[in-house]
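**Student:** Structure in structure tokens, see below.
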Amino acid sequence: MKLGLIIIIAALVTATISGLFGMAGGMIFMGIIAAFLGVAEAMVVHGAVQSVSNSFRTYLLRPDIRWDILGWHALGAVPSVGVLLLLSITLNKSQLYLALGLLPLILWLPRNWLAGDAEKPAHAVLCGAMVMGLNLTAGVAGPALDFFYVKTGLTRLEIVATKAMTMFVSHLAKIFYFGAPLAMSAGLAGLPPLWVFIAAIPAVLLGTFIGTRLLHRLSDIHFRSYTKYLVTLIGAVYVFRGIALMG
């Protein structure tokens, strides 16, 4: 019961954050549930909750989706899934937290040294491959995805809408990637009860609605600045958590 309430409250709060910034919420949510569940179980729960959040955010911002960019993402994502299925890489909890914590460093790469731009087809293909690969190993890929969007000429609404659709598909892939082997081996007994998933849906929808409403009040300049510092702070906490688990 206690774990179920934690998941529902975390889903509400992090969906609000994701609705506002288009990222960060997923990082926070993964860090919370990974503290209580096994890695594979956390991946399934994270994928289920985040797919609801991203699908609703996609619906709310559907006029702003850049479908041309999504097409290039798909060309990179599909081969990435195939490679990971062959390699079958699974991180332990320490590695998971370290991966979560180090991801934000991507956002601090010098702009004149390496600048990702999702509006360029080659960059969008690479983005699709990286995002899918990271999402199926570390469980989240927000900072990597943001690296390819924060330096584009897109508006904040186009950024959040297109990223939401990208992550929705990526989370569906994650559910299958971790859920299918889990069901065939250890079974689904390690997952939270069904009522938790059902109760999390309205919490996610409410949080996404609130975050999206707040997004419309945020300027493009503040949006880009706040996102970078927020995920970096979260990442620092996770690095310390990962190091602690190594001992």
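Bear in mind these aren't lab numbers, they're just calculated from the coordinates by the rules spelled out. Quantities reported herein were computed from a predicted structural model and do not represent experimental measurements. All Cβ positions, even for glycine, are placed from backbone atoms using ideal geometry, and neighbour counts span all protein chains on display.
**Student:** Write down the Å³ per residue value for the convex hull defined by the alpha carbon atoms of segment 44-87.
**Tutor:** Working: hull volume 3.0 nm³, N = 44.
About 67 Å³ per residue, rounded to a whole number.
**Student:** Continuing with this model, one more query. If you line up the long axis of helix 2-21 against the longest principal axis of the chain, both from Cα atoms, how many degrees apart are they, to the nearest 10?
**Tutor:** The two axes meet at around 10 degrees.
**Student:** Using just the Cα positions, wrap segment 101-247 in a convex hull and report its mean projected area in square nanometres, one decimal place.
**Tutor:** Result: 11.0 nm².
**Student:** For segment 2-246, report the translational diffusion coefficient in µm²/s to the nearest whole number, using Stokes-Einstein at 20 °C, 1.002 mPa s, and a Kirkwood Rh over Cα pairs. Before the final figure, lay out the partial values.
**Tutor:** On the way: Rh = 17.7 Å.
Reported coefficient: 121 µm²/s.
**Student:** Would you grab the residues whose amide H sits under 5 Å from the one on GLY190? Only those 5+ places off in sequence or on another chain, please, with H modelled 1.01 Å from N.
**Tutor:** none
**Student:** I would also like to ask the following. Could the peptides 116-126, 132-142 be put in order, highest first, of the mean number of other beta-carbon atoms found within 10 Å of their residues? Spell out each step's value before the answer.
**Tutor:** Numbers: 116-126: 18.7, 132-142: 25.9.
In descending order of packing, they fall as 132-142, 116-126.
**Student:** When a footprinting reagent is the concern and you count Cβ atoms within 10 Å, what order do LEU61, LEU218 take, fewest first? Intermediate values should be presented prior to the final figure.
**Tutor:** On the way: LEU61 23, LEU218 14.
Ranked by crowding around the Cβ, least crowded first: LEU218, LEU61.
**Student:** Next question. Cut-off under 13 Å on the C-alpha distance; same-chain residues fewer than 8 positions from LYS120 excluded. Which aspartates and glutamates are left, in chain and number order?
**Tutor:** Excluding near neighbours in sequence, the set is ASP68.
**Student:** Order by neighbour count: HIS46, HIS216, fewest other Cβ atoms within 10 Å first, most last.
**Tutor:** HIS216, HIS46
**Student:** Filter the chymotrypsin sites (Phe, Trp or Tyr not before Pro) in segment 38-114 down to the DSSP loop ones having no more than 11 other Cβ atoms within 10 Å, then list what survives. Don't skip to the answer; put the middle values down first.
**Tutor:** Working: sites: PHE56, TYR59, TRP67, TRP72, TYR97, TRP108, TRP113; in loops: TRP113.
Passing sites in segment 38-114 are TRP113.
**Student:** For VAL52, VAL44, which order do you get if you count the other beta carbons within 10 Å of each Cβ and list the fewest first? Provide the component values of the computation, followed by the final result.
**Tutor:** Numbers: VAL52 22, VAL44 26.
Taking fewest neighbouring Cβ atoms as first place, the list is VAL52, VAL44.
**Student:** May I ask you to list the trypsin sites (Lys or Arg not before Pro) in segment 23-120 that are in a DSSP loop and have at most 12 other Cβ atoms within 10 Å of their Cβ? Spell out each step's value before the answer.
**Tutor:** Numbers: sites: ARG57, ARG66, LYS93, ARG111; in loops: ARG66, ARG111.
Loop-located and lightly packed - ARG111.
**Student:** Then there's this: Quick one: if the Förster radius is 41 Å, what FRET efficiency do VAL78 and LEU105 give, using the C-beta to C-beta distance and rounding to 0.05?
**Tutor:** On the way: r = 27 Å, r/R0 = 0.66.
For R0 = 41 Å, the calculated efficiency reads 0.90.
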